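Working notes for the structure below.
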């Protein structure tokens, strides 16, 4: 047991598949509690390298002990997502967190048109973050204002779309694989895609499949990680 305790205190870089509806903090806190409970540790540092929204699942990198000093190096690489977009409606949050607030025509949207429009998103883009986000405005999170119905100005940020691949076309939903730079909001991409296609669109499902050279297929889920800890 001591050897197991030592490896986590000395520092581990762990890959996890964040469950749908969990916050990033929920996952970090769960991992911390599991390690502390298994090895009777009063205190251990546990942190993550990049958040995922509660309505997203997929890869998160969690660092323990001394490895928490390396978090920044895991935050910077490009991310890959598998995203499902729903056309014909919009929501204030650009995903399913909020109720729909608009409806639009979709009859004109063809697979050929989608592929043509997606090409225009490749490369460097100016993207406006969603108000329902953790961006700071005047010392408060943007979503704090949004949930109170207060309007605030967010500044656009430069993001880069390296790869955009249409995986499935079955209106009113399509599935796209996206490789993009740090800081990209796939929810904002949904809004912008709807506008580009002269319709409305929101993000209906999202999975992060890779961060740099780290891949979801190599990630722990909570149940398997618990069994692993029991063997140490």
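Which of the residues that make up region 173-204 are surrounded by fewer than 21 Cβ atoms within 10 Å (Cβ to Cβ) and in a strand (DSSP E or B)?
Listed by number, the residues that qualify are 173, 175, 177, 179, 204.
Answer yes or no as to whether residue 207 is outside any loop (DSSP other than H, G, I, E, B) and in the same structural domain as residue 36 (by TED's automatic domain parsing).
no
The values are calculated or read from the model by the stated rules, or taken from the named source; none is laboratory data. The structure displayed is predicted, hence computed values, not measured ones. Cβ: placed from backbone, ideal geometry, glycine included. Neighbour counts: every protein chain shown.
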